[in-house]
Amino acid sequence: MSTAPILAVTGNQAVAMAMKQIDPDLVAAYPITPQTDVVQQFSEFVADGLVNTEFVTVESEHSAMSACVGSASTGARTMTATSSAGFALMWEMLYIAASMRVPIVMTTVNRALSGPINIHCDHSDTMGGRDTGWMQIYNEDAQEAYDATIMGFPIAEHKDVRLPLMNMYDGFIISGAIGPLQALDDEQVKQFIGEAPTYPGLLDSEHPITVGPFDGLHGYYFEAKMTQQQAMDNALGVIQETYDRFAALTGRQYQHLMKYKMDDADIAIVVANSAAGNTRNVVDALRAEGIKAGAIKLRTFRPFPAAEYAEALAGCKAVGVMDRADSFGALGGPLYLEILATLYQYGASPKVGNFIYGLGGREIYPHDIERAFRMLKDAADGAELPKSRVYLNAKGA
């Protein structure tokens, strides 16, 4: 167990510290608010000779991910970070990184996508990238972001996975806010992540491989996509094994979904990232009234742990899913659609409602979350939930 002192750091500082301790072979990045502090601070570590990393300054996020793909294809441990429009500019290369099975680890600090122009937090960037083939882990605070960064390579590099991984946390709310961090020491990090695995790369002349070929009508494109999905299936177990191994080292236990007072819950809310704390507080207040409320915090989103959600929610009468992103023209937000499909597929039948909140950084207050819970309580008592989205703290809603 870690006995390190508690530090006061921002979310971005926590991730930069984790990257320093990992000391990857290459970091290629381009600055964008609110991610800039991550690579700016890491570049200072490089300039001061505190890491052996090759730091590549590029002209765009598309170029950053292109450089990362090339680096990781040689077998080099490779990292980057981005946000919002930078994430969107990487779009083409995100698919290429996943399909080439390169284990890049990327921090993505969640920020809204324009327009109108907005630099504040929501999850529209990474939720929009949910089908790129990257593993996705969402984090509530600086400690979780630090921990997830350290766990990134043991997951991504595993022989049964070999997929890129991105970690998310909320822009400004976590990225620039000061919170507590209990860091590992450098040697613990080195031992935990281990030596980089050896696999044939572009620079291995003894084991030549083909990277990025054309794979047309009569090739194996279809089968390549199947193997990506098989790797995602494998990743669920590998991620949990890594969570468990990290818990043995630190005492901080993570699960694919982080349950709070769910054992006997009649009503429950599923929520991601920084809003989880207020949601737990509202659960406590409702429990004091005798209402059996519970909460689940999203952690692993890709691959999606459907069976675990079905088991956790099967006993509920009504479930609310809080999305900090919308899926325009769809039945609801991205997380809502996942939960809805999961419950149907596994034969669970609670009433389910979708609550959209926090778009463009709009505040979400405890009374907003309580409003959602009160609607769920009414539904558990026989009322119907709206079939369309409910917008929390939206003007005129």
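The values are calculated or read from the model by the stated rules, or taken from the named source; none is laboratory data. Computed from a predicted model, the values in this text were never measured in an experiment. When we count neighbours, we look across all protein chains shown, and the Cβ atoms used for this are built from the backbone with ideal geometry, even at glycine. In case anyone asks, the SASA skips ligands and DNA or RNA and just uses the protein heavy atoms, side chains included. Shrake-Rupley method; radii C 1.70, N 1.55, O 1.52, S 1.80 Å.
Rounded to whole numbers, the Karplus 3J(HN,Hα) couplings from phi for region 31-39 are x, 7, 5, x, 8, 3, 4, 4, 7 Hz, using 6.51 cos²θ - 1.76 cosθ + 1.60 with θ = phi - 60°, and x at Gly and Pro. In the chain, the DSSP beta bridges split such that about 20 percent are antiparallel, to the nearest 5. Length available on full extension from ASP160 to ALA224: 0.36 nm per residue minus the Cα-Cα distance, which gives 21.6 nm. Quick one: check the C-alpha center-to-center distance for region 77-108 versus region 186-238, whole angstrom. Cα centroid of region 77-108 versus Cα centroid of region 186-238: 15 Å apart. Think of the chain as having a plus end and a minus end, set by charges on the Cβ of Lys, Arg, Asp and Glu; of MET322, GLN35, LEU94, MET322 sits farthest toward the positive end of this dipole. For LYS225, the accessible surface of its heavy atoms amounts to roughly 70 Å² (probe 1.4 Å, protein chains only, rounded to the nearest 10).
For region 328-336, putting each phi into the Karplus relation 6.51 cos²θ - 1.76 cosθ + 1.60 with θ = phi - 60° gives couplings of 5, x, 8, 5, x, x, x, 5, 4 Hz, in residue order, rounded to whole numbers and with x for Gly and Pro. Taking amide H positions as modeled 1.01 Å from N, with prolines and chain starts lacking one, the residues under 5 Å from GLN182 and 5 or more places away or on another chain are LEU7. Taken about its Cα centre, region 6-250 carries a charge dipole of roughly 340 debye when the Cβ of each Lys and Arg holds +1 and the Cβ of each Asp and Glu holds -1. Qualifying chymotrypsin sites (Phe, Trp or Tyr not before Pro) in region 288-348, where qualification requires a DSSP coil assignment and no more than 15 other C-beta atoms within 10 Å, comprise PHE328, TYR346. Within a Cβ distance under 14 Å of ARG362, other residues only, what is the Lys/Arg minus Asp/Glu net charge? Here the count lands on -3. Add +1 for every Lys or Arg and -1 for every Asp or Glu among the other residues with Cβ under 10 Å from the Cβ of VAL271, and state the total. Within the 10 Å Cβ shell, the charges total +1. Direction-averaged projected area, Cα convex hull, the chain: 20.6 nm², rounded to one decimal. Placing dummy labels 7 Å off each Cα toward the beta-carbon, the span from PHE214 to THR57 is 3.8 nm. For the chain, the longest principal axis of the alpha carbon atoms and the long axis of helix 11-22 meet at an angle near 40°. Among the GluC sites (Glu not before Pro) found in region 9-67, those both in a DSSP coil and sparsely packed, with 12 or fewer other Cβ atoms within 10 Å of their Cβ, are GLU59. What is the list of residues in region 140-165 whose amide nitrogen lies under 18 Å from a point 7 angstrom out from the Cα of GLU241, following Cα to Cβ? Counting only backbone N, you get 151-165.
For region 283-293, the Karplus equation 6.51 cos²θ - 1.76 cosθ + 1.60, evaluated at θ = phi - 60°, returns couplings of 4, 4, 5, 5, 4, 5, 8, x, 8, 7, 9 Hz by residue, with Gly and Pro reported as x.
Distances between placed amide hydrogens fall under 5 Å for ALA272 paired with LEU298, all partners being 5 or more residues away or on another chain. Look at where the Cα atoms of region 156-178 and of region 350-368 average out, and the two centres are 23 Å apart. Cα gyration tensor of region 177-294, axes a ≥ b ≥ c as square roots of the eigenvalues: rounded (a/c below 1.5), prolate (a/b > b/c) or oblate? The shape class here is oblate. How high is the FRET efficiency between ASN281 and ASP131 when r is their beta carbon distance and R₀ equals 45 Å, given to the nearest 0.05? Between ASN281 and ASP131 the formula returns 0.85.
Label zone of GLU92 (point 7 Å out along Cα→Cβ, amide N under 11 Å): in region 58-79 this covers 62-63, 66.
Distance between the 7 Å Cα→Cβ label points at HIS367 and ALA248: 5.0 nm. Taking GLY128, GLY176, GLY194 as the candidate residues, the one with maximal mean-square fluctuation in a Gaussian network model of the chain, Cα springs under 10 Å, is GLY194. Residues whose amide H lies under 5 Å from that of GLY353, counting only those 5 or more places away or on a different chain, are VAL319, GLY320, VAL321; hydrogens are built 1.01 Å from N in the peptide plane.
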